[in-house]
Amino acid sequence: MITFKYTAGVDEAGCGPLAGPVIAAAVILDPANAILGLTDSKKLSEKRREALVPIIKQQALAWAIARAEVHEIDELNILQARLLAMKRAVEALVLKPELALIDGNFCPQLSCVSKAIVGGDMTEPAISAASILAKVARDQEMLAMEALYPGYGFAQHKGYPTKTHIIALQTLGVSPIHRRSFAPVRNLI
């Protein structure tokens, strides 16, 4: 059996929203310093996710957060932008992993071995940690977007296609951070 010195967990947040970037994180955990409470970020309360972020950043051997911008999502498509953000996160790690465990069905092209794991954010602690970092970073960004683009409700729905968001889009029009390739936005242009 092959053993790897450094294994990174990789996940993203923000594939489904109509606005904002897709943000990915890569985390190499310290096997000698387990972090309690890691699981899929969607299974944790916002307060618990935010409490885990400094613990992950402090106790991990390495972590990185990267993104694909709205224009890249529109140019490439959301799957390719997701993979691009993941690749950027892995490449930004200060330690280079020999293995990257990717949440989902697809792996980005990396300079190390990679393995896609459906539901990996529930079963692999490093992916769970990446899930938490990505989700909190994206949520914080969407809170900041609320101040720049008031009226859309980004602080509440984080860009997801809620009824409130669709009504705001129809009323206010398309903002610079909306994904023009997504049907509900494209149909308004």
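Counting just the residues of segment 174-189 that are surrounded by 12 or more Cβ atoms within 10 Å (Cβ to Cβ) and over 19 Å from residue 77 (Cβ atoms), which one comes out farthest from the chain's Cα centre (by Cα)?
188
Among the residues of segment 119-138, is any among the hydroxyl-bearing types (Ser, Thr, Tyr) and more than 25 Å from residue 34 (Cβ to Cβ)? Outline the logic, then answer.
Within segment 119-138, the first condition is being among the hydroxyl-bearing types (Ser, Thr, Tyr), and the residues that meet it are 123, 128, 131.
Imposing the further condition that a residue be more than 25 Å from residue 34 (Cβ to Cβ) reduces the set to none.
No, segment 119-138 has no match at all.
Determine if segment 28-49 includes at least one residue that is of a type in the set (Gly, Ala, Ser), in contact (Cβ under 8 Å) with a residue 60 or more places away in the chain, under 24 Å from residue 154 (Cα atoms) and exposed (fewer than 14 other Cβ atoms within 10 Å of the Cβ). Full working, then the answer.
From segment 28-49, those of a type in the set (Gly, Ala, Ser) are 32, 34, 37, 41, 45; that's our starting set.
Checking the rest, the ones that are also in contact (Cβ under 8 Å) with a residue 60 or more places away in the chain come to 34, 41.
The next check asks that each one be under 24 Å from residue 154 (Cα atoms); those that pass are 41.
Narrowing further to those that are exposed (fewer than 14 other Cβ atoms within 10 Å of the Cβ): none.
Checked segment 28-49: no residue is of a type in the set (Gly, Ala, Ser), in contact (Cβ under 8 Å) with a residue 60 or more places away in the chain, under 24 Å from residue 154 (Cα atoms) and exposed (fewer than 14 other Cβ atoms within 10 Å of the Cβ).
Please verify whether segment 46-55 includes one or more residues that are part of a loop (DSSP other than H, G, I, E, B), hydrophobic (A, V, I, L, M, F, W, C), under 17 Å from the mean Cα position of the chain (by Cα) and at pLDDT 95 or above. Write out each step before concluding.
Of the residues in segment 46-55, the ones part of a loop (DSSP other than H, G, I, E, B) are none.
No, there is no match, as no residue in segment 46-55 is part of a loop (DSSP other than H, G, I, E, B), hydrophobic (A, V, I, L, M, F, W, C), under 17 Å from the mean Cα position of the chain (by Cα) and at pLDDT 95 or above.
The values are calculated or read from the model by the stated rules, or taken from the named source; none is laboratory data. Quantities reported herein were computed from a predicted structural model and do not represent experimental measurements. Reconstructed Cβ throughout: ideal geometry from the backbone, glycine too, with neighbour counts over all protein chains shown.
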